[in-house]
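The values are calculated or read from the model by the stated rules, or taken from the named source; none is laboratory data. These numbers come from a predicted model, not from an experiment. Glycine gets a Cβ as well: all are built from the backbone with ideal geometry, and neighbour counts include every protein chain shown. Ligands, DNA and RNA are stripped out before the accessible areas are found, and what is left, the full protein with its side chains, is counted by its heavy atoms. Shrake-Rupley method; radii C 1.70, N 1.55, O 1.52, S 1.80 Å.
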Amino acid sequence: LALVVCYYGLQRYADAVDEILKAIALAPDAAQAYVLLGRILEHAGDRLPEVTQRFVEFNESNPNTALGYMLHAKALLARFDGAERAPEAEADQALGLLRKSLALKADGAEARYLMGCVLEGKHQYKAAAEELEKSIALNPQGPVAHLRLAEVYEQLGRAEDAARERALHRKLAAAEQAAPDNALGLDPPAPAGVAHRKP
């Protein structure tokens, strides 16, 4: 997993995915590897079917944890270049998985976001707005949820709310771009002479 972080920092994303899959093969119950893989899922490329299968296996081995259901749903949706384009059968399967995830962990911001995306794709805009609002309440600094919520508000005819969310998206996206890349969710480097905090 340390090598994954190195490859990711070098923007060698295919190598990072490869190393995570190797780590999973060595320690199939290590949840951290699945979390990291979920964070760089967009770089899976032609290995997405293999990644999806690893998520399925993790989910089956850990049926009482929310993470496996959420990651399985995320991988299903990743196949379709955006949750709103998922065919009905896959969208319904993803919704079922996300509902199971949220039943186990109601404060899952990413699961709420994905649920909102799928519901938007099914033109269930009021329900989509509710899920996206919950996701933002749990993680207000994530710019993409604000943009998605703005699009849903526009569908609902809530122009002022949409404009507010677009403004928040621009502000947060600019701050994210100005900050060091930390897509893996790792701690920033400790200042010289200062020990890194323990996880």
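Things worth noting here:
- Rounded to the nearest 20 debye, the dipole size of the range 5-72 about its Cα centre is 140 debye, using +1 on the Cβ of Lys and Arg and -1 on the Cβ of Asp and Glu.
- The alpha carbon centroids of the range 1-15 and the range 31-61 are separated by 16 Å.
- √(5λ) per eigenvalue of the Cα gyration tensor, the range 1-90, largest first, Å: 21, 17, 9
- Average Cα contact separation per residue, the chain, under 8 Å, 6 or more apart, as relative contact order %: 12 percent
- Rounded percent of accessible protein surface that carbon and sulfur make up, the chain, 1.4 Å probe: 54 percent
- Computed E for Glu154/Asp18 - FRET, C-beta separation, R0 30 angstrom, nearest 0.05: 0.15
- Residues of the range 1-16 with amide N under 16 Å of a point placed 7 Å along Cα→Cβ from Ser61: 1
- About its Cα centre, the chain has a charge dipole of approximately 420 debye under the convention of +1 per Lys or Arg Cβ and -1 per Asp or Glu Cβ, with nothing else charged.
- 1.4 Å probe accessible area per residue over the chain, in Å²: 55 Å²
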